[in-house]
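So the structure is just underneath, and the comments pick up after that.
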Amino acid sequence: GAGVSQTPSNKVTEKGKYVELRCDPISGHTALYWYRQSLGQGPEFLIYFQGTGAADDSGLPNDRFFAVRPEGSVSTLKIQRTERGDSAVYLCASSVSGGHTDTQYFGPGTRLTVL
Amino acid sequence: GESVGLHLPTLSVQEGDNSIINCAYSNSASDYFIWYKQESGKGPQFIIDIRSNMDKRQGQRVTVLLNKTVKHLSLQIAATQPGDSAVYFCAETATSYDKVIFGPGTSLSVIP
């Protein structure tokens with residue numbers, strides 16, 4: 001089947017605007033993860049869902065960031081009042097059963113640019 | 001704080017040679033280690049993993065070595081091919097409940 005998909009692939013927005021980034025995990029995967037990757041660095045964990053609930057949101061940098069997964073499949077990462085420092089590639093991953101030691105399969109990412 | 005890092009930010013190897021990418025970690029509680037490959041414009045791709053109760057694990061053309069005494073991890077790629085050119089990340093976590101922490105990455109360039 002298809003891998004993890006993310007839309008849009010690129011998003012340019014202005015400082016202060018609201019953005020939504022979407023992730024479609026591999027069918028049947030119960031766990032979903034969001035990461036943020038700045039240029040030249042490794043991915044940085046943001047949040048992990050087990051089914052519909054956030055099992056670990058310790059990586060969200062502040063309350064401007066929020067993510068949902070209402071039906072336990074597709075997830076949306078929402079960023080309010082965007083700042084230039086939010087510019088990065090936002091990666092989504094999914095795994096079969098969950099837990100940080102379960103093999104994670106990554107999508108291609110959404111490149112967010114905040115002007 | 002705890003961190004995972006790489007000794008060499010860039011590595012160039014001749015096609016057909018073996019490659020060795022090194023990684024140091026600082027969290028002595030780390031129990032699970034993963035190597036990822038990331039090509040330009042793509043997300044990280046799982047290569048191989050190893051748990052702390054092992055010191056070596058082999059896959060297809062890749063071997064991961066773990067030395068817990070000196071907190072060192074390495075990825076060996078045999079007969080390196082142009083398609084191996086990418087950035088390689090080591091990552092670690094202490095338990096299933098702890099987030100995965102990625103190192104900064106090593107860029108591998110294969111010379112034809």
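Size of the dipole of chain B about the Cα centre, Lys and Arg at +1 and Asp and Glu at -1 on the beta carbon, nothing else charged, in debye to 20?
140 debye
Using 1/(1 + (r/R0)^6) with R0 = 22 angstrom and r between the beta carbons of A:Arg64 and B:Asn27, what's the FRET efficiency to the nearest 0.05?
E(calc), rounded to 0.05, equals 0.15.
Within 10 Å of each Cβ in A:96-109, how many Cβ atoms from other chains are there, averaged over the peptide? Can you show the working numbers first?
Working: counts 0, 1, 1, 6, 12, 12, 1, 3, 7, 4, 7, 3, 3, 5.
Mean partner shielding for this stretch: 5.
Across the residues of B:29-38, average count of Cβ atoms on other protein chains within 10 Å?
Mean inter-chain Cβ contacts per residue within 10 Å come to 2.
Compute, for the protein assembly as shown, the length of the dipole vector about the Cα centre, with Cβ point charges of +1 (Lys, Arg) and -1 (Asp, Glu) only. Units Debye, rounded to 20.
Numbers: 20 positive and 21 negative charges, 65 e Å.
It comes to approximately 320 debye.
If you average the sequence gap of Cα pairs under 8 Å that are 6 or more apart and divide by the length of chain B, what percent do you get for the contact order? The partial results should precede the final answer.
Values: 277 pairs, mean separation 41.8, N = 112.
Relative contact order comes out at 37 percent.
Quick one: dipole size for chain A, taken about the Cα centre, charges +1 on Lys/Arg Cβ and -1 on Asp/Glu Cβ, in debye to the nearest 20.
It comes to approximately 420 debye.
Relative contact order of the range A:5-99, please, whole-number percent, based on alpha carbon pairs below 8 angstrom and at least 6 residues apart. Write out the running numbers ahead of the final one.
Details: 202 pairs, mean separation 35.7, N = 95.
Answer for the range A:5-99 is 38 percent.
Heavy atoms only, probe 1.4 Å: what % of the accessible area of chain A goes to carbon and sulfur, would you let me know? The partial results should precede the final answer.
Working: 2500 of 5300 Å².
Within chain A, the accessible surface is 47 percent carbon and sulfur.
Could you state the per residue volume, in Å³, of the convex hull enclosing the Cα atoms of the range A:5-99?
94 Å³
For B:Ala79 and B:Lys56, calculate 0.36 nm times their separation in residues minus their Cα-Cα distance, and state this gained length in nm to one decimal.
6.4 nm
Please list the radius of gyration and Dmax for the range B:4-111, considering alpha-carbon atoms only, with Å as the unit.
Taking only Cα atoms of the range B:4-111, I get Rg and Dmax of 13.1, 41 Å.
Along the positive direction of the dipole of chain A (beta-carbon charges: Lys, Arg +1; Asp, Glu -1; about the Cα centre), which of A:Ala55, A:Leu77, A:Ser87 reaches farthest?
My answer, from the dipole projection, is A:Ser87.
Which one of B:Gly16, B:Val70, B:Pro104 has its Cα pushed farthest toward the positive end of the charge dipole of the range B:4-111, where Lys and Arg give +1 and Asp and Glu give -1 at the Cβ?
B:Val70
Beyond 32 Å, what percent of the Cα pairs of the protein assembly as shown remain? Before the final figure, lay out each step's value.
Values: 4836 of 25651 pairs.
That fraction is 19 percent.
The values are calculated or read from the model by the stated rules, or taken from the named source; none is laboratory data. Keep in mind that this is a model prediction, so the values were computed, not measured. Reconstructed Cβ throughout: ideal geometry from the backbone, glycine too, with neighbour counts over all protein chains shown. These accessible areas exclude ligands, DNA and RNA; they are computed on the full protein's heavy atoms, side chains included. Shrake-Rupley method; radii C 1.70, N 1.55, O 1.52, S 1.80 Å.
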